[in-house]
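All remarks here apply to the structure that follows.
The values are calculated or read from the model by the stated rules, or taken from the named source; none is laboratory data. Predicted model only: the values in this text are computed from it and were never measured. Positions of Cβ are generated from backbone atoms using ideal geometry, with glycine treated the same way; all protein chains shown enter the neighbour counts. All accessible areas refer to the heavy atoms of the entire protein, side chains included, with ligands and DNA or RNA removed. Shrake-Rupley method; radii C 1.70, N 1.55, O 1.52, S 1.80 Å.
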Amino acid sequence: MSADPTRVIVTLYTREGCHLCEEAKAAMQPIVERHRAELREIDIDDDAELRAMYNDSVPVVFVGADFFARYRVDTQKFENALQVAESKPTSGD
């Protein structure tokens, strides 16, 4: 998959066996697809620094570079956040 500079990146910090992470992904996936965004999952247990930052907080979600949520995802707010991110000018001309 080639990187599209206009595509919004949604980052889900997660870990194996996290039921809230699975719920967050399931809630976000159809919205991500509808907006043609990209969902990137990062397992915090693969990185000591991320584990230290987010150990008791997963799932943690960023839309672009902006923190969006931890623990649970409000789908309407998530959709709104994607719309705002899509309207931001991109750098990389």
*Return yes or no: is T75 out of contact with any Lys or Arg (no Cβ under 8 Å at 6 or more places or on another chain), open to solvent by less than 70 Å² (accessible area, probe 1.4 Å) and at pLDDT 95 or above?*
yes
*Of all the residues that make up the stretch 1-53, how many are among the hydroxyl-bearing types (S, T, Y) and either in contact with a Cys (Cβ under 8 Å, 6 or more places away or on another chain) or at pLDDT 95 or above (or both)?*
3
*For the stretch 83-93, state whether one or more residues are touching a helix residue (DSSP H, G or I) at 6+ places or on another chain (Cβ under 9 Å) and either within 11 Å of V10 (Cα to Cα) or of a type outside the set (A, V, I, L, M) (or both).*
no
*Considering only residues that are assigned to a loop (DSSP other than H, G, I, E, B) and of a type in the set (G, A, S), look in the stretch 78-93 and name the one that is modelled with the lowest pLDDT.*
G92
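One line per residue, one yes/no per condition, for (1) open to solvent by less than 60 Å² (accessible area, probe 1.4 Å); (2) free of Cβ contacts under 8 Å to residues at least 12 places away in the same chain:
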residue: T14; (1), (2): yes, no
residue: E22; (1), (2): no, yes
residue: I31; (1), (2): yes, no
residue: E41; (1), (2): no, no
residue: D46; (1), (2): no, yes
residue: D56; (1), (2): no, yes
residue: V60; (1), (2): yes, no
residue: G64; (1), (2): yes, no
*May I ask you to list the residues in the stretch 47-93 that are farther than 15 Å from P30 by Cβ and aromatic (F, W, Y)?*
Y54, F62, F67, F68, Y71
